[in-house]
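Structure first, commentary second.
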Amino acid sequence: RDQGVDQWQDGYPNEEVILEDIRKGQSYVAEEKGIILGTAVISFEKEKTYDGIENGQWLTPGDTKYMVIHRIATHYEYKRRGTFLEFARETARRRGVLSIRIDTHPDNQIMQSWLCKNGFIYCGWIWLINGSLRYAYENVL
């Protein structure tokens, strides 16, 4: 909200969503010396909303296995460390997956810049189930 982004201002993600991430074994927390650096969902499940990309295309074919990163949040003092991204890349490689996909709110210019600086390529846009527009990015490892 402080950055003028209308994302996550309506009660999402809520406790139910976070608990489901934990139940699925997809919720990760980065910690260093007792300090929580951030959290993210790392999933190998196919993302239905990624099937209908518009105004572009994914870098890899539709039948390619990929990892998805969702709900990434980092403590403001540790944003530039790339803790989750390196963990995600290593996890993907161990699972034989060579593509990471992620989406972000169109107004989240900080995230878009971070993605581009870290090897992600803008691929187009997707629509969430609730009808919200998101910009889609992919990083081929």
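The values are calculated or read from the model by the stated rules, or taken from the named source; none is laboratory data. Since this is a predicted model, take the numbers as computed values, not measurements. Counting neighbours? That spans all protein chains shown, and the Cβs are built from the backbone with ideal geometry, glycine included. These accessible areas exclude ligands, DNA and RNA; they are computed on the full protein's heavy atoms, side chains included. Shrake-Rupley method; radii C 1.70, N 1.55, O 1.52, S 1.80 Å.
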Subject >> Given (1) of a type outside the set (S, T, N, Q); (2) at pLDDT 90 or above; (3) open to solvent by less than 40 Å² (accessible area, probe 1.4 Å), index of the condition residue 128 fails >> reply: (3)
Original post:
Can you tell me which residues in segment 93-102 are crowded, with 18+ Cβ neighbours inside 10 Å and either within 17 Å of residue 74 (Cα to Cα) or small (Gly, Ala, Ser) (or both)?
Top reply: 99, 102
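Here is a yes/no grid of residues against (1) surrounded by fewer than 14 Cβ atoms within 10 Å (Cβ to Cβ); (2) touching a strand residue (DSSP E or B) at 6+ places or on another chain (Cβ under 6 Å):
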site	(1), (2)
55	yes, yes
58	no, yes
104	no, yes
108	no, no
111	no, yes
136	no, yes
139	no, yes
Original post:
From 68, 17, 5, which residue is open to solvent by less than 50 Å² (accessible area, probe 1.4 Å) and modelled with pLDDT of 95 or more?
Top reply: 68
**OP:** Specify the residue that is nearest to the chain's Cα centre (by Cα); the eligible residues are those in segment 63-77 that are aliphatic (A, V, I, L, M) and within 17 Å of residue 90 (Cα to Cα).
**Re:** 69
**OP:** Please verify whether segment 83-103 includes one or more residues that are of a type in the set (S, T, N, Q), assigned to a strand (DSSP E or B) and modelled with pLDDT of 95 or more.
**Re:** yes
